[in-house]
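These notes concern the structure reproduced below.
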Amino acid sequence: MKEAIVLPSLEVEILDSQIPTPGDEEVIVRVVAIGLNPIDWKGADPEVAIQLHGHLKAKQYANPGKDVAGYVHAVGSKVYEFKPGDRVQSTNHGSGFAEYSVGPRHTTYILPDSVSFDVAVTFGLSYITAALNLYKELRLPEPWVPAEDPTPLVIYGAASSVGAFAVKLASLSNIHPIYAVAGRGTEFVESLLDSSKGDRVIDYREGPGFVTAEIQRLAPKLEYGLDAISTPDTTSVMVKLMDPVKGRLSMVLPQELPPQVAAGIKTTVSFAPALWEPNDVNSSEVERRDLTALKSFAHVYFRYLSDALANGIISHHPFEVVDGGFGGISRALEDLRDGKNSASKYVIRVSE
Ligand SMILES: NC(=O)c1ccc[n+]([C@@H]2O[C@H](COP(=O)([O-])OP(=O)(O)OC[C@H]3O[C@@H](n4cnc5c(N)ncnc54)[C@H](OP(=O)(O)O)[C@@H]3O)[C@@H](O)[C@H]2O)c1
């Protein structure tokens, strides 16, 4: 098969590789479409890759692709839900820039016939990261047991793929009012919100002072915050908004926080790559239990997604199909690195 290798310069080399064979709990997908994520360019830099994923093997960064959709080609001996020919979306730890990709069963799910492969690859990593932030880190009510009382939530970076899926999931959980911070993607984010429930967009292009004052005016002390961008600038706004005693702030990247934060706000960082960590025989019983629970979390949320797609209650992220198949990966990764995409995912078509 053809496989695209991303070099630290973000140039791409096309190699001839072996079609992978599945482990017991793995699914091989014949790839039709690939969705790109920021980690695909960050992971191509070996130093960043080691910082982010020191526990995974360096080899896995050569082909960093995470999100694929296509047809099941083969399944492992302990895979009970899929068979060759099924239409699926699958998210993995890196193997996606290829004609055949390998992913675990718990991050693979059946696509309803109404959902195209291009649409499907906008979900994957961004969707599960949004779910991890809202439900595992912030412990907010899940869509199948929705909130009964107003639950104000700030989502910083609501036009990003992670932020937008967080807005959509929060709405399915009846979590309102949502204070959504966006810039170029304001119009898109407005289309996701319910102003009758107090949801509002706050434009970050007006500056951090404006964002802080505007949200503090609407909600002086916030219990729940998701920083879907997590740069020093965004996080320093978020910590000012949080209730110093009850506040819970979830981030997508580790950030050093101002010392006063240590006083009260509970901060956590979601880490989707843990979904692909192998069960280590040397781990403690608690670590193994937590890893099993995390994999069940992904299993459940991806099956919820299958259902939500079939019921038409969740929309995909806007996307742009990049010309040139594997040949388009390099330019798209450069554009992602340079922040050119606004409220949009890049999609690569591999086959029909
Ligand atoms: N922890 C994990 O496991 C995990 C998993 C996935 C992603 N991530 C990380 O999460 C981040 C977001 O990923 P993504 O896939 O959602 O990215 P993305 O879709 O490529 O994000 C692009 C969006 O970011 C928004 N943005 C950029 N700078 C902003 C700022 N200062 N304030 C508010 N919005 C800003 C832009 O909003 P406008 O269009 O409105 O200007 C743009 O639409 C990345 O750093 C990624 O590496 C972490």
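Side notes on the structure shown:
- Look at (1) away from the ligand (no atom under 13 Å from the Cβ); (2) touching a helix residue (DSSP H, G or I) at 6+ places or on another chain (Cβ under 9 Å); (3) open to solvent by 30 Å² or more (accessible area, probe 1.4 Å); (4) assigned to a helix (DSSP H, G or I) and you find that residue 169 fails only one, number (3).
- Residue 88 among the hydrophobic types (A, V, I, L, M, F, W, C), within 16 Å of the ligand (Cβ to nearest atom) and open to solvent by less than 10 Å² (accessible area, probe 1.4 Å): no
- Qualifying position, being within 12 Å of the ligand (Cβ to nearest atom) and open to solvent by 10 Å² or more (accessible area, probe 1.4 Å), among 82, 188: 188
- Residue identified as out of contact with any strand residue (DSSP E or B) (no Cβ under 9 Å at 6 or more places or on another chain) and not assigned by TED's automatic domain parsing to the domain that holds residue 69 among 139, 217: 217
- The residues of the range 299-352 that are open to solvent by less than 30 Å² (accessible area, probe 1.4 Å), within 10 Å of the ligand (Cβ to nearest atom) and not in a helix (DSSP H, G or I), listed by number, are 317, 343, 344, 345, 346.
- Residue in the range 70-79 that is least open to solvent (accessible area, probe 1.4 Å), counting only those that are out of contact with any Gly (no Cβ under 8 Å at 6 or more places or on another chain) and part of a strand (DSSP E or B): 70
- When every residue of the range 100-116 is checked against the conditions, at least one turns out to be open to solvent by less than 20 Å² (accessible area, probe 1.4 Å), part of a strand (DSSP E or B) and small (Gly, Ala, Ser).
- Condition met for residue 102 (touching a residue at least 40 places away in the same chain (Cβ under 8 Å) and more than 30 Å from residue 184 (Cα to Cα)): yes
- Restricting the range 44-69 to residues that are part of a loop (DSSP other than H, G, I, E, B) and in contact with a strand residue (DSSP E or B) (Cβ under 8 Å, 6 or more places away or on another chain), the residue that is modelled with the lowest pLDDT is 44.
The values are calculated or read from the model by the stated rules, or taken from the named source; none is laboratory data. All values derive from a computational prediction rather than experimental measurement. Here the Cβ is made from the backbone with ideal geometry for all residues, glycine too, and neighbour counts use every protein chain on show. Protein only, heavy atoms only, side chains kept; ligands, DNA and RNA dropped before computing areas. Shrake-Rupley method; radii C 1.70, N 1.55, O 1.52, S 1.80 Å.
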